[in-house]
1. Of the listed pairs 19/610; 177/243; 50/228; 167/243, which have alpha-carbon separations greater than 28 Å here?
2. When the helix-only estimate is applied to the chain (DSSP H runs of n ≥ 4, each -39,500 (n - 2.57), divided by the residue count), what is the mean residue ellipticity at 222 nm, nearest 500 deg cm²/dmol?
3. Taking H as built 1.01 Å from N, whose amide H comes closer than 5 Å to the amide H of residue 235, not counting residues under 5 places away?
4. Tell me the label-point distance for the pair residue 343, residue 470, using the 7 Å Cα-to-Cβ offset, in nm and rounded to one decimal.
5. Assuming 0.36 nm per residue, please report the length gained on full extension of the stretch residue 140 to residue 606 beyond their Cα-Cα distance.
6. Under unit Cβ charges (Lys, Arg +1; Asp, Glu -1), what dipole magnitude, rounded to 20 debye, does the chain have relative to its Cα centre?
7. Counting each pair of different Cα atoms once, what's the Kirkwood radius of the chain in Å, rounded to one decimal?
8. From the phi angles alone, apply the Karplus equation (6.51, -1.76, 1.60; θ = phi - 60°) to segment 580-588 and give each ³J(HN,Hα) in whole Hz, x where the residue is Gly or Pro.
Amino acid sequence: MCGIVGYIGHRDAYPIIIKGLQRLEYRGYDSAGIALYDGKDINLSKTKGKVEDLKNKSQKSISLEGKLGIGHTRWATHGVPNDVNSHPHYSNSGDLVIIHNGIIENYDSLKKELIKRGYTFSSETDTEVLVNLIEEVKRKEGVKLGKAVQIALNQVVGAYAIAVFDKQKPDEIVVAKLGSPLAIGVGENEFFIASDASPFIEFTNNAIYLEDEEMAVIRLGKEIKLRKIKDDAIAYPSIQELKLNLEEIEKGGFDHFMLKEIYEQPRAILDTYRGRLLAKEGIIKMAGIDDNLEKFLNANRIIIVACGTSWHAGLVAEYIFEDLARIPVEVEYASEFRYRNPVITDKDVLIAISQSGETADTLAAIKLAKEKGAFVFGVCNVVGSSIARETDAGAYTHAGPEIGVASTKAFTTQITVLTLLALKLAKEKGIFNNTRFHEHLTELENIPAKVEKALLTNPLVEIIADVYKNSTNCLYLGRGYNFPVALEGALKLKEISYIHAEGYPAAEMKHGPIALIDEHMPVVVIATNKGHYEKVVSNIQEIKSRKGKIIAVVTEGDEQVRDLADHVIEIPETLESLTPLLTTIPLQLLSYHIAVMRGCNVDQPRNLAKSVTVE
Ligand code: F6R
């Protein structure tokens with residue numbers, strides 16, 4: 001959470017930083033700030049609110065000149081969102097200025113120590129403590145900024161990606177990373193700093209991703225040298241060539257990123273299996289799996305760890321792995337798993353699922369499983385992310401950048417990767433013969449076209465959204481493969497429209513939630529024709545007899561549910577294991593339209609951030 005941007009070079013820093021912050025706003029958006037060095041002084045502007053508010057304020061209040069600057073968009077951890085707590089933060093002398101993404105856990109004891117030495121603080125933040133600690137080290141030890149940052153960070157417990165500069169030495173920015181992401185864009189005698197590459201992709205394709213516990217002094221006219229924060233050892237940066245496309249991070253004619261990303265799913269799913277799924281040849285080729293096949297085949301069980309929507313994809317995978325490949329699976333919230341002393345052995349395979357590849361709890365769960373000897377496989381979207389680097393092997397989803405805070409295409413592409421993996425294992429284990437294998441491969445290949453068809457429900461879904469936009473509660477029900485889809489549908493609705501919603505296994509309804517049903521309660525029921533269709537129809541009857549309003553997602557041509565439900569949304573027929581890839585589409589659209597109609601900020605819902613890099 002929090003986005004950081006910095007620039008040092010020959011261009012005006014202001015427009016680069018403001019645009020960069022707008023691209024990083026998905027990471028946090030409760031306040032924003034910028035500090036520019038104009039050749040003499042630091043000009044700083046910050047405000048509660050969005051980057052747009054910062055733009056308005058800064059244009060009225062400070063000089064926008066300068067070829068050196070840093071900026072920040074915040075997701076509050078210490079201290080409420082207000083102007084004072086916003087970053088950047090000055091040190092007491094006014095010479096140093098810092099931006100920080102992360103949490104300094106021992107900030108309170110450090111602060112008390114600094115207060116004893118005469119330091120004062122205007123904000124409630126841990127970051128202001130850090131910048132003053134750096135200043136104190138610099139003063140006391142008589143060292144340069146880079147060294148002072150290193151010594152200070154060795155006294156800090158927590159997570160950080162920081163950028164700091166000194167107005168007495170305005171030809172350098174010092175950066176450091178532990179736990180939060182930090183990329184350096186390397187141009188012609190200019191450098192960019194950012195939480196991900198999107199702020200600088202139009203200027204350079206060359207990026208260095210700092211590893212944990214690394215820092216760098218970025219100086220104009222000098223090559224970048226990375227150092228280990230702990231022992232000062234030199235680390236040699238590898239410059240990666242980025243393939244990110246600028247258009248992919250723009251809205252492309254859609255009103256919101258979320259809608260654009262919902263509509264990108266046919267392409268994203270296709271990109272995810274492209275080159276991996278060779279239906280005609282009857283082959284699934286995935287290097288991360290092919291090289292580690294024995295680990296999967298000899299595993300006692302698979303443990304899946306993830307958070308939020310990625311956890312829901314993990315639940316779908318539980319059904320897929322157990323049903324198709326007959327491998328026992330446990331799915332865990334990463335945040336619970338890491339703290340409950342789990343039994344893990346070297347016969348376990350742990351699959352970590354994460355869109356961002358930066359989720360702190362998932363990362364910690366991976367480290368724990370590795371310590372205990374498990375083989376760890378990652379399913380990530382963001383290339384080069386911390387989780388992608390920390391895992392023993394993995395497979396990327398090729399969803400492209402997901403900017404809307406509510407996850408959509410990440411979910412369906414994660415399921416696609418996990419389906420490929422399960423099918424491969426089913427074949428290798430001899431559970432699937434050639435015919436069954438071929439049937440599944442061919443049908444998976446048909447999914448993008450069927451998602452296109454499911455997207456045609458959009459106008460109908462919009463009409464349904466209009467009927468229920470003022471509801472205060474909503475139930476989502478599904479069984480088997482579609483129980484996790486019900487959970488995901490409910491999560492989508494609550495996170496972007498702030499309507500209370502619950503997902504349940506349909507049969508579980510009579511053990512409690514049925515008490516909620518009356519004529520005001522919309523109930524979204526997934527009732528596709530495979531699996532437990534008749535049982536779900538009985539559940540629909542139960543809702544109807546209590547006057548609940550039924551919105552049913554059914555297979556095209558369905559007659560039975562049509563007679564019972566208030567609204568019917570048809571999706572194309574497919575294999576049972578692949579239905580989540582289709583049933584989820586109208587649920588994404590429903591939450592989208594309801595949120596828009598309620599005037600909610602769809603892409604940046606309140607209190608949320610795209611990548612949760614704190615626990
Ligand atoms: C919901 C959503 C979150 C994320 C969760 C995990 O729409 O986006 O629930 O799924 O924070 O994030 P990743 O997948 O980046 O680890």
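1. The pairs that break the limit, which is 28 Å between Cα atoms, are 50/228; 167/243.
2. Per the formula, -11000 deg cm²/dmol.
3. Amide H neighbours of residue 235: 226, 227, 228.
4. If labels sit at residue 343 and residue 470, their model points lie 5.5 nm apart.
5. 163.5 nm
6. That gives a dipole near 940 debye.
7. This gives a value of 25.5 Å.
8. x, 5, 9, 5, 5, 4, x, 5, 4
The values are calculated or read from the model by the stated rules, or taken from the named source; none is laboratory data. Note that the structure is a prediction, hence the values are computed from the model and not measured. A quick note on method: Cβ atoms are made from the backbone with ideal geometry, for glycine too, and the neighbour counts reach across all protein chains shown. Surface accessibility is based on the protein's heavy atoms, side chains included, excluding ligands, DNA and RNA. Shrake-Rupley method; radii C 1.70, N 1.55, O 1.52, S 1.80 Å.
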